Amino acid sequence: MNKLGLSTLLLRIVLGISFFVHGLVKFQGGIGNTVGWFESIGLPGILAYAVATVEVVGGIVLILGLGTRIVSALFVIIMIGAILKVKLAIGFLGTAEMPGYELELAFLVIAIYLAVNGSKLWAVDQLFNKKDKD
């Protein structure tokens with residue numbers, strides 16, 4: 001087990017947990033509320049279901065290390081959308097009413113790293129590809 005592999009594992013698990021929780025909250029709070037909010041900012045309401053599902057399912061599979069690059073690429077798309085559509089106008093730190101895009105930017109960069117590099121340590125993917133484990 002090397003330092004790079006362990007560091008990447010930590011990024012994968014923390015990002016997976018974070019997205020899982022964010023998606024779960026969308027469903028627990030009543031997905032209808034999220035649909036309404038998406039529509040209020042000019043996005044199709046059905047997109048709320050897609051985003052919440054990708055966050056929940058993607059978070060779980062990311063934690064497990066299954067399809068890390070694909071899931072991370074989906075998270076990149078979600079974070080770019082969140083920053084551009086919702087947070088950019090508020091600024092990096094935000095306002096008293098709404099936080100800025102600093103968290104989304106951190107998630108975006110982690111997701112980009114995982115999409116480019118993957119994460120093999122303790123990953124389910126390695127059960128199917130035993131070439132190298134780092």
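Derivation of every value follows stated rules applied to the coordinates shown; laboratory data play no part. On a predicted model such as this, the values are computed, not experimentally measured, just so you know. Here the Cβ is made from the backbone with ideal geometry for all residues, glycine too, and neighbour counts use every protein chain on show.
Please count how many residues of the range 39-55 are in a helix (DSSP H, G or I), touching a helix residue (DSSP H, G or I) at 6+ places or on another chain (Cβ under 6 Å) and surrounded by fewer than 19 Cβ atoms within 10 Å (Cβ to Cβ).
Qualifying residue count, the range 39-55: 2.
Can you name the residue in the range 56-68 that is in contact with a Ser or Thr (Cβ under 9 Å, 6 or more places away or on another chain), assigned to a helix (DSSP H, G or I) and of a type outside the set (Val, Ile, Thr) and, of all such residues, is surrounded by the most Cβ atoms within 10 Å (Cβ to Cβ)?
Looking only at the range 56-68, we keep the residues that are in contact with a Ser or Thr (Cβ under 9 Å, 6 or more places away or on another chain), and these are 58-59, 61-62, 65, 68.
In the following step, the residues that additionally are assigned to a helix (DSSP H, G or I) were identified as 58-59, 61-62, 68.
Next, from what is left, pick out any that are of a type outside the set (Val, Ile, Thr): 58-59, 62.
Working: Gly58: 25, Gly59: 23, Leu62: 30.
Checked the range 56-68; the qualifying residue surrounded by the most Cβ atoms within 10 Å (Cβ to Cβ) is Leu62.
For the range 14-24, which residues satisfy the criterion of being hydrophobic (A, V, I, L, M, F, W, C) and either in contact with an Asp or Glu (Cβ under 9 Å, 6 or more places away or on another chain) or surrounded by 15 or more Cβ atoms within 10 Å (Cβ to Cβ) (or both)? Spell out how you get there, then give the answer.
First, pick out the residues of the range 14-24 that are hydrophobic (A, V, I, L, M, F, W, C): 14-15, 17, 19-21, 24.
The answer is Leu15, Phe19, Phe20, Val21, Leu24.
Go through (1) touching a residue at least 24 places away in the same chain (Cβ under 8 Å); (2) out of contact with any helix residue (DSSP H, G or I) (no Cβ under 6 Å at 6 or more places or on another chain); (3) not in a loop (DSSP other than H, G, I, E, B) for Ala73 and report which single condition fails.
(2)
Where residues in the range 77-134 are part of a helix (DSSP H, G or I) and of a type in the set (S, T, N, Q), which of them is nearest to the chain's Cα centre (by Cα)? Full working, then the answer.
Our first condition is that a residue be part of a helix (DSSP H, G or I); within the range 77-134, this holds for 77-90, 102-117, 125-128.
Those still in the list that are of a type in the set (S, T, N, Q) too: 117, 126.
On the way: Asn117: 16, Gln126: 21 Å.
Of everything passing the filter in the range 77-134, Asn117 is nearest to the chain's Cα centre (by Cα).
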